[in-house]
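The values are calculated or read from the model by the stated rules, or taken from the named source; none is laboratory data. If you're wondering where the values come from, they're calculated on a predicted model, not measured in any experiment. All Cβ positions, even for glycine, are placed from backbone atoms using ideal geometry, and neighbour counts span all protein chains on display.
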Amino acid sequence: MSNSKNEFVVEGEPDSQTITLVAKTAVEETAKLYGPIFTRMVSEYALQFEAEKLGENTPDNVRGLEAVTNYILANLDRYPRGFNSLIYGIAKADNKLQGSTGAGARRAAYSAIKSILESSGLLNSIIGTTQDVFEAIYKAEEINKEIKTAVSGRYVREEKNQVVVVVPNCSWKDACNALVNEGISRLVGGSECIYLIVTNAEAEIITKKHLDYRIEEFGGSECRGRIFEI
């Protein structure tokens, strides 16, 4: 991970098994907000998505979050980015229950990232250590590299505690593309971005500030977004 005072670059491909299990935790945590119906809906949507990516019919004998997660893990050799299936399921279920992606998706990311930091044993050592969003993201990405959850990206510090995020060939693009194609968007409008949701959550946890994000360029060779205080 290379860095300067106002910019740093991360290079990495997340460990598929680790991210899939983190996504499962995100579903379980978000179900505390919506109830069991959320878990059921995510499981159904994720299973359909995964089967489509594998080029096979949706299996009738796979039901429930545990079974769907195991199905995804068992097929990582065929679809290495199978974690997209659960991410897609979270966003679609959130949209069906709320009319847009929003509260559920943000809570899922926040809960998942907090779980990662707690599991690493480093949460208490970084939470509240800075109110600078750029520095917070850098600290979070150092941990992501260590536990193999880092995704390649470039981060640029801007004025007013804002950070521009540039993501080439994003690991989450399968889920995002599917959501865009289905017309699923944020409550405030615009395309959803899984990468920005996750990065935003990391920065919120560390800075204890209320932050938001918006995507400024989507698709093509890279995506570009911005994280800022609200």
Does the range 29-45 contain at least one residue that is within 28 Å of Val133 (Cα to Cα), touching a helix residue (DSSP H, G or I) at 6+ places or on another chain (Cβ under 6 Å) and crowded, with 20+ Cβ neighbours inside 10 Å? yes
Number of the condition not met by Pro80 [criteria: (1) closer than 26 Å to Ser120 by Cα; (2) at pLDDT 95 or above; (3) more than 17 Å from the chain's Cα centre (by Cα); (4) surrounded by fewer than 16 Cβ atoms within 10 Å (Cβ to Cβ)]: (3)
Say whether the condition of being under 29 Å from Gly82 (Cβ atoms), outside any strand (DSSP E or B) and without any contact (Cβ under 8 Å) to a residue 12 or more places away in the chain is met by at least one residue in the range 196-212. no
May I ask you to verify whether Ile184 is modelled with pLDDT under 90 and surrounded by 22 or more Cβ atoms within 10 Å (Cβ to Cβ)? no
Residues of the range 112-146 being surrounded by fewer than 20 Cβ atoms within 10 Å (Cβ to Cβ) and within 18 Å of Glu29 (Cβ to Cβ), which ones? Lys114, Ser115, Glu118, Ser119, Ser120, Leu123, Ile127
Any chance the range 213-227 includes a residue that's part of a helix (DSSP H, G or I), in contact with a strand residue (DSSP E or B) (Cβ under 8 Å, 6 or more places away or on another chain) and not polar (S, T, N, Q)? no
Just need a number here: residues in the range 153-181 that are buried (at least 18 other Cβ atoms within 10 Å of the Cβ) and touching a Pro at 6+ places or on another chain (Cβ under 9 Å). 2
Within the range 145-168, of all residues that are under 15 Å from the mean Cα position of the chain (by Cα) and in a loop (DSSP other than H, G, I, E, B), the one modelled with the lowest pLDDT is Lys148
Kindly list, by first and then second residue, each pair from a residue in the range 50-64 that is at positive phi to a residue that is modelled with pLDDT of 95 or more and exposed (fewer than 13 other Cβ atoms within 10 Å of the Cβ), limited to pairs with Cβ atoms under 9 Å and residues at least 6 apart or on different chains. Gly55/Arg78
For Ala109, work out the one condition from (1) closer than 22 Å to Pro80 by Cβ; (2) modelled with pLDDT of 90 or more; (3) in a helix (DSSP H, G or I) it doesn't fulfil. (2)
Is it the case that the range 165-177 has a residue that's in contact with a strand residue (DSSP E or B) (Cβ under 6 Å, 6 or more places away or on another chain) and more than 23 Å from Glu13 (Cα to Cα)? no
Per the filter on the range 46-56, residues over 17 Å from the mean Cα position of the chain (by Cα), crowded, with 18+ Cβ neighbours inside 10 Å and closer than 17 Å to Lys96 by Cα are Leu47
